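**Q** Before anything else, here's the structure in question.
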Amino acid sequence: MDELQQQILAWAKEKGILDKATPETQLTKVTEEHMELVKAIYQNDGIGIIDGIGDSVITLVILTELSGYNFKECVEYAYKQIKHRTGKMVDGVFVKDK
């Protein structure tokens, strides 16, 4: 993942994204890609889902960089927060215990 993350950031640098975008403008891209993923899921479009997940991750990698963070560290932090979480499935959704 580290090598892929570096390739994504090199691409973003080459395209001028890291020099000209802001966290706020990149958040707009994250939202656009997320909505494309939502559409693909509801249309049961397998290729669209793959593309939407990939594009969403790429926009998040760039957002973390623009915000002064590291994508892998953010994911690791989040995982540490949830790894011991307990709860149950309710109507297909995991509901954490309080």
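The values are calculated or read from the model by the stated rules, or taken from the named source; none is laboratory data. Bear in mind that the values here come from a model prediction, so they are computed numbers and not experimental data. To get the accessible areas, we keep the full protein, side chains included, count just its heavy atoms, and leave off ligands, DNA and RNA. Shrake-Rupley method; radii C 1.70, N 1.55, O 1.52, S 1.80 Å.
**Q** Of the accessible area of the chain, with the probe set at 1.4 angstrom, what percent is carbon plus sulfur?
**A** 58
**Q** Please give the helix 2-14 orientation as an angle from the longest Cα principal axis of the chain, in degrees from 0 to 90, rounded to the nearest 10.
**A** Helix 2-14 sits at roughly 40 degrees to that axis.
**Q** Here's a follow-up. Rounding to the nearest 10 and keeping the result within 0 to 90°, find how far the Cα-based axis of helix 23-42 lies from the longest principal axis of the chain.
**A** 50
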